[in-house]
1. What's the longest uninterrupted piece of the chain once you rule out the chymotrypsin sites (Phe, Trp or Tyr not before Pro) that are loop residues per DSSP with at most 12 other Cβ within 10 Å?
2. Quick check on the exposure proxy: order SER97, SER207, SER128 from fewest to most C-beta atoms within 10 angstrom.
3. Can you tell me what the convex hull of the Cα atoms of segment 275-341 projects to on average, as an area in nm²?
4. Okay, which of segment 306-341 sit inside 15 Å, backbone N to the point 7 Å along the Cα-Cβ direction of VAL101?
5. Output wanted: per-residue J couplings in Hz (rounded whole) for segment 312-328, from phi through Karplus 6.51 cos²θ - 1.76 cosθ + 1.60, θ = phi - 60°, x for Gly and Pro.
6. Straight distance only, please: which lysines reach the Cα of LYS196 with their own Cα at less than 27 Å, same-chain residues fewer than 8 apart left out?
7. Run the quick spin-label model on ARG215 and ARG273: label points 7 Å from Cα toward the beta carbon, then report their separation in nm to one decimal.
8. Mind checking Rg over Rh on the chain, alpha carbons, Kirkwood formula for Rh?
Amino acid sequence: MTSTHTSENPNSPDPAAATDTPAAAAPDGAPLMLALHQTVLGGPEVLRVTELPRPEPGPGEILVAVHAAGLNPTDFKHRAQGLFLPAPPLTLGWDVSGTVVETGFGVTLFRPGDEVFGMLPYPYGAGSHAEYVTGPTRAFAAKPAGIDHVQAAALPLAALTAWQALVETAGLRAGQRVLIHAAAGGVGHLAVQIAKERGAHVTGTASAPKHAFLREIGADACIDHRSEDFAGTGERYDVVLDALGGETATRSVGVLRPGGVLVSLLPGDQDTRTAAEKAQVNAVTLLVEHDRAGMLALADLVDRGRLRAHVSGTFPLAEGARAHVLGETGRTTGKLVITVR
Ligand SMILES: NC(=O)c1ccc[n+]([C@@H]2O[C@H](COP(=O)([O-])OP(=O)(O)OC[C@H]3O[C@@H](n4cnc5c(N)ncnc54)[C@H](OP(=O)(O)O)[C@@H]3O)[C@@H](O)[C@H]2O)c1
C-alpha cells in the first residue's frame, strides 16, 4: 500500500503549484525548474527546493519531465558525505519515470511525448529529484503501460542492482539456492522476485514482522536477523546477495557451497577476501550501472506480472527532506518515491 505524505511546512513551495504551472523563466528567457537541491553536505535539512535553470539535452540525450523519482540509500550517502560526486552544489536522484519533452542531436529511440523510466548514469548522472532531468537515451526504456509513474520510478536503481547481481554476476539458475540479506529493503524485495522468476529457492533475512511480506513476494524461507543466526542454520547456498557488508559479508562466505558466489553491494574487506579464498568461493562487489538491456529485461518482467515494486511511501518534491529522514532509518520496507507531477 502507498502512503502519501503532504506538506506541513508553510515555507515549503506548494508542490501542486510547482507542477501545475509552467516553469518560470530566468531574466535571460531561459526556463527555470524546481529541484531538491543542496549547496553544502549535511543532514536532510541541507535540502532546499530551489529554482534552477532547466537542463537542455545534449547530443544523444533526452530531456524528461519527471513525474516521479525513486529514493535510494545512495541519495542519503551522497547528501551527507559527497561519496563519488564532486562537492556541492548538487541535485541528487538517479531513478526517474516521466515524459520525454525534447530530444538532443542524434536521438532515434524516443520522441517527445514518450513515457520512459530509467536509471541515470551512476554516479555522475544524478539529478532526477527535480522537475526536469536530462540523460543518455540508453539509460531509459519505455515505461511499462501497466504501471504508473510512481511504480516505475521505484524500480530502476534497486531492480537493476538486483538484476546485475543475481543474473549477470552470479548467473543464478533454476534449482539453485540463494540467500538474500535485507530482503525486505529496496534492493532485497526486488531481488527476491527476480530470483523466484529464475526458478531459484529463495531465503531472505528480515525482522520477523516483515516475514509475511517476504512470503507474499515469493520467498521460500525467512530468517529473523534479530533472533536467528543465518550462518547457524546448516543451510548451504549457491549465491548470497549481501546489502549489509562488514561482518555479514565475511560470515556469508561460510554459508556458500564451494564454487558459490557472494555478491556484495558494499565494499568488501580483507577478512571477506581471505575467507572467500579459503572456502573457494567467488566474492565480488558490484556497483550498479545504467543499462538499457537491463531496463528492457525489467520491463518485460513487469509486463509479465513477475516484478512489482512495493512503494511504502510517497513524498512530494517539497517534502523530499522528510523522505530522506525516513529512508535513512534503514528500516523501510520496499521503496520510497518522490512525486513531482
Ligand atoms: N553497490 C551498489 O551498486 C548498490 C546498489 C543499491 C544499493 N546499495 C546499497 O545496499 C544497501 C541496501 O540498499 P536498499 O536500497 O535495499 O536499502 P533499504 O531499502 O534502506 O533497506 C532497508 C531494509 O534493510 C533491512 N535490514 C536492516 N538491517 C538488517 C539486517 N541486519 N539483516 C537483515 N535486514 C536488515 C531492514 O529490514 P528490518 O527492518 O526487518 O531489519 C529494511 O527493510 C545500502 O547500503 C545501499 O547503499 C548498493
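1. Longest gap between qualifying sites, sites excluded: 125-341.
2. SER207, SER97, SER128
3. Across all orientations, segment 275-341 yields a mean hull projection of 7.8 nm².
4. 340-341
5. 8, x, 10, 9, x, 3, 5, 9, x, 4, 5, 4, 4, 4, 5, x, 5
6. Cross-link targets: LYS143, LYS210, LYS335.
7. For the pair ARG215/ARG273, the computed spacing is 4.3 nm.
8. Reported Rg/Rh (Cα atoms, Kirkwood Rh): 0.99.
Quick note: the coordinates plus some simple rules give every number you see, no bench work behind them. Computed from a predicted model, the values in this text were never measured in an experiment. Backbone-built Cβ (ideal geometry, glycine too); neighbour counts: all protein chains shown.
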